[in-house]
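Each remark here refers to the structure printed beneath this line.
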Amino acid sequence: MNEQESLLSQLNDIHKVSADPWPLAWGWWVLAAVIISLIVLAVYLWIRQRRFSLAQRQAITEIKLISEKNDAWPGQMNQVLKRAALAYYPAYSLSGLYGQRWTQFMVSRVKSRHQRAMESSLSQLQDMLYQPAKPDPALFKSCQQASLDWLKKAQFKRQFTGASQEASHV
């Protein structure tokens, strides 16, 4: 026993060592860099999408502000739709479109399952543009809804700006 006591007396007390989390291991730095990069990418894509859909959102707001009490509502709706389309398609492809050709252009930009419902109301809107009589107020809601549906469901394209696009039509 003597020997055990002498050995025990030689032992030092246990000291608690605090684990300092700093500096971080390289894996944590890589993870932090990846997370920051993903956040920056997500914000960039969100801003890009917001800028892209700005004309669409403005057109939706303008269509909602058009009143059926105004006798020129068919022309106003058509003008808003053309302005929105000009934001997403080149002017040379839209400049000659009016009447049924304009309606067909709009309908062709929507998925096939929505085309049938939208075509009749957009055709009515186009027909009212060229009538000398006042537009039928009963058709206002259906034309307005068709315009809003087109703005929400149309598959708009990004326009690429640059010399290659400008030179392609020369």
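In table form, for the structure just shown:
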quantity: Estimated dipole of the stretch 47-110 in Debye, rounded to 20 [Cβ of Lys and Arg +1, of Asp and Glu -1, Cα centre]; calculated: 360 debye
quantity: Carbon and sulfur %, accessible surface of the chain computed with the full protein complex present, 1.4 Å; calculated: 59 percent
quantity: Enclosed volume per residue, in Å³, of the convex hull spanned by Cα atoms of the stretch 1-121; calculated: 274 Å³
quantity: Segment Trp22-Tyr92, length gained on full extension (0.36 nm per residue, minus Cα span); calculated: 19.0 nm
quantity: Net +/- balance of residues flanking Lys134 in space, Cβ distance below 15 Å, scoring K and R +1, D and E -1; calculated: -3
quantity: Chain lengthening between Trp29 and Val43 when straightened (0.36 nm per residue, less Cα-Cα); calculated: 2.9 nm
quantity: Per residue accessible area of the stretch 1-157, 1.4 Å probe, in Å²; calculated: 72 Å²
quantity: Estimated dipole of the stretch 1-80 in Debye, rounded to 20 [Cβ of Lys and Arg +1, of Asp and Glu -1, Cα centre]; calculated: 900 debye
quantity: Length released on extending from Thr61 to Gln4, taking residue separation times 0.36 nm less the Cα-Cα span; calculated: 11.5 nm
quantity: Cβ-placed point charges (K, R +1; D, E -1), dipole of the chain about Cα centre in debye, nearest 20; calculated: 1280 debye
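The values are calculated or read from the model by the stated rules, or taken from the named source; none is laboratory data. Bear in mind that the values here come from a model prediction, so they are computed numbers and not experimental data. Heads up, the Cβs are rebuilt from the backbone with ideal geometry, glycines too, and the neighbour counts pull from every protein chain shown. Accessible surface areas use protein heavy atoms only, side chains included; no ligands, DNA or RNA. Shrake-Rupley method; radii C 1.70, N 1.55, O 1.52, S 1.80 Å.
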